[in-house]
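I have placed the structure first, in the form of structure tokens, so that the comments after it can refer back to it.
Just so it is clear, none of the values below were taken in a lab; they were calculated from the coordinates. Everything numeric here is computed off the predicted structure, so don't read it as measured data. Ideal geometry is used to build each Cβ from the backbone, glycine not excepted, and the neighbour counts take in all protein chains shown.
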Amino acid sequence: MDLFEYRQGRLYCEQVPVADIARRYGTPLFIYSAGTLRNHFRRLAEAFAPLKPLICYSVKVCSNVHILELLREEGSGFDLVSGGELYRVIEAGGDPGTCCYAGVAKTDAEIRFALEKGIRMFNVESEAELQNLARLAADMGRRPRAALRVNPDVDPKTHRYIATGRKETKFGVDLARAERVFREFAASPAAAHVALTAIHIHIGSQITTVEPYVEAVNKVLGLVRSLRAAGLEITAVDFGGGFAADYEAGQALDAGVFAEALVPLLRNENLEIIMEPGRFIAGNSGILVTEVQYIKAGGDRTFVLCDSGMHHLIRPALYGSYHHIWPVDPGAKFSPRQRTRDEVFKGMELVDVVGPICESTDFFAKDRHLPPVKRGDLLAVFSAGAYGMTMASEYNSFPRPPEILVEGAEVRLIRRRGTYADLVAPEKDV
């Protein structure tokens, strides 16, 4: 249930007109719905309740400390890929003991920081990292838990840039090598310093079918049984995240559909279950609001030139991703019925929605049907809660936009707009 809807031709976030928020804080800006974040987290928790999983929200998706605090209140743990993300969790009042730390190139400083804070699990991505973790843990007198990230060589049927479970990716080790790593490590002196007792997989992102998860989990359970038969202790499986967000109406599956397939496979295996959703929780919880600056004809194309672009939402430029875009106040005649690229009203125009950045890849949409818009109109770029602000930059020296959190009728600024002084502060403070 996504709490953005059109009422009498106006877009609302929960109980607040989006145009009112934009007038108050200016554009461009990100707006998040607290109710949507809570709803999506609770749907996952309820669907997978028979497994009593630790749900670790993926911080990289949307990392504002106020959003992390909201999810902590819901009972979330956290999936990390950097020391900076652990710092954010701690600033949000999160317990490091609920954090699992992945990432293929963890530095010694990051590992020491995580050891010092007592995180729940290191998701180790290579044999070299495992040996390094053991060395650092011995130096600090710690014995952390670790999971080996395994590539089950499953095709998740998603964009090749976000498919991470094939054996040729940079992530983890392949299934055949994984068993050898477990056996050799258990017999080595390094095992005294790291408890390698878990398996981690993450097959990709924006996955819209159940079958890749079923295939991956079955392969991992085969490995668990083989290792246990050899006398090794395996206590947990972390099957990652990747459940899709609904960028278009009907694209994503409900959490219950995934649970119906996966719970029966895992419930009687005597394993702690960890999952790492991100986009599923945050993707549809946010929009990016941008103001139209100019309308321009170029050859046979019409460009809608906006004050936001790839520096705030890079997914269309990077992946060719689809985001539904619609005027904030289109009037009753053009109020959309659903998020879809196919809905066309009489009187609409075919346009490219582009930004101010000096790159030809700076676009939100090409060949998109939109109602007529003019200078000063506001556009909402939907499903911008995941990988929007976390991938934003100051390219072309544009300050970063503010972030707003709406809960019911309450509107809170959770990150101020960047300033020109912010752009140069790290260069002057030397």
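The figures follow:
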item	result
Whole-number D in µm²/s for region 160-283 (Stokes-Einstein; Kirkwood sum over Cα pairs; 10 °C, 1.306 mPa s)	101
Rounded to 10°, Cα long-axis angle of helix 108-117 versus longest principal axis of the chain	80
GNM top mover of Pro28, Pro96, Pro372 - the chain, alpha-carbon springs below 10 Å	Pro372
Degrees between helix 211-229 axis and first principal axis of the chain (Cα, 0 to 90, nearest 10)	20
Label point distance in nm, Ala195-Asp422, each placed 7 Å from Cα along Cα→Cβ	4.2
Distance cut-off 32 Å, percentage of C-alpha pairs in the chain lying past it	40
Amide H contacts of Asn151 (H built 1.01 Å from N, under 5 Å, at least 5 apart or other chain)	Val173, Asp174, Leu175
Region 34-282: Lys pairs at Cα distance under 23 angstrom, eight or more positions apart or on different chains	13
Summed residue charge, Cβ within 11 Å of Val194's Cβ, Lys/Arg positive, Asp/Glu negative	+3
Residue exposure sequence - Thr36, Thr197 - by fewest surrounding Cβ within 10 Å	Thr197, Thr36
For Met275, Met310, order by how many other beta-carbon atoms lie within 10 Å, fewest first	Met310, Met275
Computed [θ] at 222 nm, helices only, for the chain once each DSSP H run of length n ≥ 4 contributes -39500 (n - 2.57)	-8500 deg cm²/dmol
In degrees, nearest ten, helix 255-266 long axis to first principal axis of the chain (Cα)	10
Cα-derived Rg over Rh, computed across region 34-282 with Rh taken as Kirkwood radius	0.94
